[in-house]
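Novice: Below you will find the structure I want to go over with you.
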Amino acid sequence: MKSILKKIQTDLNFIRKESKFFEKKYKGKIPKRLEELQELPGVGEYTANALLALVYNQPHIALDANLKRFLSIKLNLLGDVVIKLASVNWYFK
C-alpha cells in the first residue's frame, strides 16, 4: 500500500511541477505550433499533430509508428517519404 501511495505522490509532484512550467511559459494555453508542443514533457510528434488538428483545426495528420511502417511497406516508400507525405497540405484541399 505504501508503494502505491508513494507512486501517486510522485506522479502528483510531477504534474504540479509541469503545470507550473506550462502556466509560466504558455500562460495556460495550448501552444499553436508543432515545435512548441513537442517541447512539452511527454508530447511527441503524434500527440502534437493530433492536438493541432483537433484543437486548432490545422492541417496536420497524426501518424503513429505502426501506420508509418504499414504505409512504407504497402506504398513501397521509405519512412522519411511517408512522414513528408503526411505533412503536406494536399490532403486538406
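Novice: Mind listing just one residue for me: the one in region 16-30 that is under 17 Å from the mean Cα position of the chain (by Cα) and of a type in the set (A, V, I, L, M, F, W, C) and, of those, surrounded by the most Cβ atoms within 10 Å (Cβ to Cβ)?
Specialist: 22
Novice: Which condition number in (1) of a type in the set (Gly, Ala, Ser); (2) within 10 Å of the chain's Cα centre (by Cα); (3) open to solvent by less than 50 Å² (accessible area, probe 1.4 Å) is the one that residue 42 fails?
Specialist: Status for residue 42: all satisfied but (3).
Novice: Taking the criterion of being at pLDDT below 90 and in contact with an Asp or Glu (Cβ under 7 Å, 6 or more places away or on another chain), would at least one residue in region 41-61 satisfy it?
Specialist: Yes.
The values are calculated or read from the model by the stated rules, or taken from the named source; none is laboratory data. Because the structure is predicted, anything quoted here is derived from the model rather than measured. Cβ coordinates were reconstructed from backbone atoms using ideal geometry, including for glycine residues, and neighbour counts include every protein chain displayed. With ligands, DNA and RNA removed, areas are computed over all heavy atoms of the protein, side chains included. Shrake-Rupley method; radii C 1.70, N 1.55, O 1.52, S 1.80 Å.
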